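For reference, the structure is listed below as structure tokens.
The values are calculated or read from the model by the stated rules, or taken from the named source; none is laboratory data. Predicted model only: the values in this text are computed from it and were never measured. Here the Cβ positions follow ideal geometry from the backbone for every residue, glycine too, while neighbour counts run over all protein chains shown.
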Amino acid sequence: MAHVIAVAGKGGVGKTTLSGMLIQAMCRMGKTPILAVDADANSNLNEVLGVDVEMTLGDVREEIAQEENRKQEDKKIPAGMSKADFAEIMFQRCLIEDDDFDLLVMGRTQGKGCYCYVNGLLQSQLQRLLPNYKYMLVDNEAGMEHISRGILPKVDTIILVSDCSRRGVQAAGRIAELTRECNMTPKTMGLIVNRAPGGKLNEGTLEEIEKQGLTLLGVVPHDEQVYEYDCDGKPTVSLPEDSPVRRAMDEIIAKLSF
């Protein structure tokens, strides 16, 4: 069974960027094959990884929903094919295959409405795909929904991400508490503090980490190149070898026991 890694934290702390860098570091260390899952409705992990997305689970849901209202001559499901079989074919198109990792993107439904159906699709696909991989890394949406709803089949490692703010660390602490309330028993749960000036934490941040009872896995320094790559539309994983962000993520992965 695959080792499942969940990346979580409040919005805007750099979860997706670090998820991509974690995937890259794992590939460099031979920790493959990996199923990367973008479980955020506002998905952009593919941009960090530099891969194109043809279809998301949300797109499949919309395609099937719209089929109900199409005229017979406009229907896309071939005559004699069940919706389940058609959906399975579409699901195969959602899986993006790369050399060392595959990527599955949840996406979202169009317009108004909740994400319950798409969440259900994500859950069923993860259960189906999990046995084919040694590792699965899930970039969760901001907050705690995928943890509280039990969408992930299991979690072996939870990586909490925060910026240097007390609020970010407090949000990470709440997620840690939720995992305990949900009776989840990850082998490892720890905190990465992102965008630290000079790669150092001040006393206030360290004090809040201790107050929340969090284990500090590592500190990722602020790097203007990350911002520049994002503005230029370059994949973050293509940062140069001497990037302080890449070095920090390599060190963190090397310390984790999976």
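Could you go through the stretch 202-212 and let me know if any residue there is at pLDDT 95 or above and assigned to a loop (DSSP other than H, G, I, E, B). Yes; the residues of the stretch 202-212 include at least one that is at pLDDT 95 or above and assigned to a loop (DSSP other than H, G, I, E, B).
Take the conditions (1) exposed (fewer than 15 other Cβ atoms within 10 Å of the Cβ); (2) under 25 Å from Pro131 (Cα atoms); (3) modelled with pLDDT of 80 or more; (4) in contact with an Asp or Glu (Cβ under 8 Å, 6 or more places away or on another chain); Gly12 misses just one of them, which is (2). The residues listed here are Ser162, Ser243; of these, the one that is of a type in the set (Ser, Thr, Tyr) and in contact with a strand residue (DSSP E or B) (Cβ under 7 Å, 6 or more places away or on another chain) is Ser162. Candidates are the residues of the stretch 200-224 that are under 13 Å from Asp163 (Cα atoms) and among the hydrophobic types (A, V, I, L, M, F, W, C); the one that is surrounded by the most Cβ atoms within 10 Å (Cβ to Cβ) is Val220.
Tallying residues that are touching an Asp or Glu at 6+ places or on another chain (Cβ under 7 Å) and acidic (Asp, Glu) within the stretch 153-172 yields 0.
Selection over the stretch 11-48 of residues that are more than 10 Å from the chain's Cα centre (by Cα) and among the acidic types (Asp, Glu) gives a count of 1.
Entry remark, the stretch 75-96: residues being of a type in the set (Phe, Trp, Tyr) and over 21 Å from the mean Cα position of the chain (by Cα) number 1 in total. Restricting the first member to the stretch 36-48 and to residues that are over 17 Å from Leu239 (Cα atoms), and the second to residues that are in a loop (DSSP other than H, G, I, E, B) and among the acidic types (Asp, Glu), the beta-carbon pairs closer than 7 Å and six or more apart or on different chains are Ala39/Glu141; Asp40/Glu141; Ala41/Glu141.
Inclusion of Gly218 among residues that are part of a helix (DSSP H, G or I) and of a type in the set (Gly, Ala, Ser) is not warranted. Residues of the stretch 64-85 that are farther than 20 Å from Gln125 by Cβ and of a type in the set (Asp, Glu): Glu68, Glu73, Asp74. For first residues located in the stretch 77-95 and at negative phi and surrounded by 10 or more Cβ atoms within 10 Å (Cβ to Cβ), partners that are of a type in the set (Val, Ile, Thr) and outside any loop (DSSP other than H, G, I, E, B) and lie 6+ apart or on another chain with Cβ distances below 7 Å form the pairs Lys83/Ile64; Ala87/Val60; Ala87/Ile64; Met90/Val60; Phe91/Val60; Cys94/Val60; Cys94/Val105.
The residue of the stretch 225-236 that is farthest from the chain's Cα centre (by Cα), among those that are surrounded by 19 or more Cβ atoms within 10 Å (Cβ to Cβ) and in contact (Cβ under 8 Å) with a residue 24 or more places away in the chain, is Val226. Pairing each residue of the stretch 173-187 that is over 20 Å from Leu216 (Cβ atoms) with any residue that is part of a loop (DSSP other than H, G, I, E, B), provided the two are 6+ apart or on different chains, yields C-beta distances under 6 Å for Met184/Val155.
Quick grid of which residues meet (1) part of a loop (DSSP other than H, G, I, E, B); (2) at pLDDT 80 or above; (3) farther than 23 Å from Asn140 by Cβ; (4) in contact with a strand residue (DSSP E or B) (Cβ under 7 Å, 6 or more places away or on another chain):
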position: Ala36; (1), (2), (3), (4): no, yes, no, yes
position: Val48; (1), (2), (3), (4): no, yes, no, no
position: Asn69; (1), (2), (3), (4): yes, no, yes, no
position: Ala84; (1), (2), (3), (4): no, no, yes, no
position: Ala87; (1), (2), (3), (4): no, no, yes, no
position: Ile96; (1), (2), (3), (4): no, yes, no, yes
position: Leu104; (1), (2), (3), (4): no, yes, no, yes
position: Leu121; (1), (2), (3), (4): no, no, no, no
